[in-house]
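The values are calculated or read from the model by the stated rules, or taken from the named source; none is laboratory data. Being a predicted model, the structure only gives us computed values, none of them experimental. So basically every Cβ, Gly included, is an ideal-geometry build from the backbone, and we count neighbours across all protein chains shown.
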Amino acid sequence: MNVKLPVREVHAREILDSRGNPTLEAEVVVENSVTGELACGRASVPSGASTGQFEAVELRDGEVRYFGLGVRRAVGNVNAKLREALLSQDASCQRKIDERILDCDGTQNKENLGANACLGVSMAAARAAAEALHLPLYQYLGGIHTVRMPVPMMNILNGGKHADNTVDLQEFMIAPVQAESFAEGLRVCAEIYHNLKGLCREKGLSTGVGDEGGFAPDLPDAESVLSLIVEAVEKSGYAPGHDIKIAIDAAASELYDKRAGCYCFPGESKMKGKQVLRSAEDMIAYYEGLAREFPLFSLEDGLDEEDWDGWQQLTKRLGNRLQLVGDDLFVTNVKRLAAGIQKGAGNAILVKVNQIGTLTEAFAAVRLAKENGFGTIISHRSGETEDAIIADIAVAVNAGQIKTGAPCRMDRVAKYNRLLRIEEELYPGR
Ligand code: PGA
Ligand code: ZN
């Protein structure tokens, strides 16, 4: 007799995220049909700052409280409509749960209930099911396929919308590509992070941090950031390009000026006392130069989310040397990813579950990417909570890579710590 897990309760509330803005937390209670035991799963929804325009809708109240950012309407949708739609449904089939959620919303972009309402319930249902079956979440989601610990792409220097400094590109990350275990890689990256802090201090640069916990000093351009990171890697006793490779998230949609048809670099302009603008062609040449000079292996959102032609050019020119990651370009959406695969735009996808709104849809994006030889990176948002579910998801889908910020701020570190526990369970004594 197969065990069933009928949903017995669904509830949401408004909590705060790591930026002090409201977000939605959901709870789902299921009953184990064999034992009669009840199990509860809880999950909370993250929120971006450099949000892609093609993401599913994050429902905000738009009222005076919390400067319009309240999520009482999304909470209300969980506590009424989604609760109604899911009571008695079998949570052991995530696909069916997510189909009910999609039907209940009824729109393409989840504007009716809000992707935040949908995702909170989708994730909480998975947690409740895993709990009811006494399985760790990664194992419930990935079964016997859970074999691979992700390599962290650790964001140690923040810019763009994630900090108030002059660094225009949003994220500078290090990846411990030679590490023999996740724990080893984490240690190496954390040591480099501390040495980077020391270097900033020595050079009279700020050691304050941005939204994702990386340092946020005022530096004139990407070259000076990359030089500083290389220096920190060497100071830590590691070889740049061998032990450690560097990844950039340019978040170029944020720099793109539609009217002018070019990319504006306000920080670089300020530091150099002259206006710095780059065309798509200039951007590609710029990245080509950076990749020649520094041990770059990955470039995310190098161009605007609507510039398919530019992305094709970028991929032709740099696709054999760099991982070219679509974040705002693909928004974890199989339709946009399929377009990218067909056009030859990018060669990897950043997966953020709240860009699409259910686990089933996010997993479909991962599957499509893998079937087409695209890389997959599970990612946090710049606004996070203590929920470390992306750690379980990264292991469950064998993503290979995870992006979850600096080893600083507990909203980021919680994910690293969860991965340490998972590695200990999967590979005791590693
Ligand atoms: P966001 O940034 O969460 O602010 O969108 C993360 C990213 O761009 O990768
Ligand atoms: Zn990004």
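Structure above, values below:
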{"read-out": "Region 297-311, subset outside any strand (DSSP E or B) and among the charged types (D, E, K, R), residue farthest from the chain's Cα centre (by Cα)", "value": "Asp309"}
{"read-out": "Filter result for the condition that a residue is modelled with pLDDT of 95 or more, away from ligand 1 (no atom under 16 Å from the Cβ) and closer than 30 Å to Gly267 by Cα, over Glu191, Glu84, Glu111", "value": "Glu191"}
{"read-out": "Close pairs (6 angstrom Cβ cut-off, 6 or more residues apart or separate chains): within 20 Å of Tyr263 (Cβ to Cβ) in region 225-252, modelled with pLDDT under 95 and within 16 Å of ligand 1 (Cβ to nearest atom) anywhere", "value": "Ala251/Ser50"}
{"read-out": "Residue in region 411-418 that is within 16 Å of ligand 1 (Cβ to nearest atom), buried (at least 21 other Cβ atoms within 10 Å of the Cβ), under 24 Å from Thr146 (Cβ atoms) and not charged (D, E, K, R) present", "value": "no"}
{"read-out": "Residue in region 205-220 that is modelled with pLDDT under 95 and either of a type in the set (Ser, Thr, Tyr) or farther than 26 Å from Met410 by Cβ (or both) present", "value": "no"}
{"read-out": "Cross-chain or 6+ apart pairs with Cβ under 7 Å, region 312-338 first and on the phi > 0 side of the Ramachandran plot and in a loop (DSSP other than H, G, I, E, B), then polar (S, T, N, Q) and buried (at least 17 other Cβ atoms within 10 Å of the Cβ)", "value": "Val331/Gln355; Thr332/Gln355"}
{"read-out": "Qualifying residues in region 347-373 (those that are more than 16 Å from Ala115 (Cβ to Cβ) and away from ligand 2 (no atom under 16 Å from the Cβ)) - the one surrounded by the most Cβ atoms within 10 Å (Cβ to Cβ)", "value": "Val366"}
{"read-out": "Some residue of region 141-148 being in a loop (DSSP other than H, G, I, E, B) and without any contact (Cβ under 8 Å) to a residue 40 or more places away in the chain", "value": "no"}
{"read-out": "Top-ranked residue in region 248-276 [being assigned to a loop (DSSP other than H, G, I, E, B), of a type in the set (Gly, Ala, Ser) and more than 14 Å from ligand 2 (Cβ to nearest atom); ranked as surrounded by the fewest Cβ atoms within 10 Å (Cβ to Cβ)]", "value": "Gly273"}
{"read-out": "Output for region 170-184, where each listed residue is surrounded by 15 or more Cβ atoms within 10 Å (Cβ to Cβ), more than 16 Å from ligand 1 (Cβ to nearest atom) and among the aliphatic types (A, V, I, L, M)", "value": "Ala179, Ala183"}
{"read-out": "Per-region count, region 206-246, residues in a loop (DSSP other than H, G, I, E, B), under 14 Å from Asn195 (Cβ atoms) and not acidic (Asp, Glu)", "value": "5"}
{"read-out": "Arg201 under 24 Å from Glu386 (Cα atoms), without any contact (Cβ under 8 Å) to a residue 12 or more places away in the chain and in a helix (DSSP H, G or I)", "value": "no"}
{"read-out": "Answer residue from region 302-322, given it is touching a strand residue (DSSP E or B) at 6+ places or on another chain (Cβ under 9 Å) and farther than 13 Å from Ala250 by Cβ and is nearest to ligand 2 (Cβ to nearest atom) among those", "value": "Glu306"}
{"read-out": "Complete set of residues in region 295-320 that are among the basic types (Lys, Arg) and in contact with a helix residue (DSSP H, G or I) (Cβ under 6 Å, 6 or more places away or on another chain)", "value": "Arg317"}
{"read-out": "Some residue of region 120-134 being within 16 Å of ligand 1 (Cβ to nearest atom) and part of a loop (DSSP other than H, G, I, E, B)", "value": "no"}
{"read-out": "Out of Glu281, Glu268, Glu288, Glu306, sole residue that is acidic (Asp, Glu) and more than 19 Å from Ala345 (Cα to Cα)", "value": "Glu268"}
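One line per residue, one yes/no per condition, for (1) within 16 Å of ligand 1 (Cβ to nearest atom); (2) under 20 Å from Pro240 (Cα atoms); (3) not hydroxyl-bearing (Ser, Thr, Tyr):
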position	(1), (2), (3)
Val276	no, no, yes
Met283	no, no, yes
Ala291	no, yes, yes
Phe297	no, yes, yes
Glu305	yes, no, yes
Lys335	no, no, yes
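Here is a yes/no grid of residues against (1) farther than 18 Å from Val45 by Cα; (2) assigned to a helix (DSSP H, G or I); (3) of a type in the set (D, E, K, R):
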position	(1), (2), (3)
Ser92	yes, no, no
Arg95	yes, yes, yes
Asp98	no, yes, yes
Thr107	yes, no, no
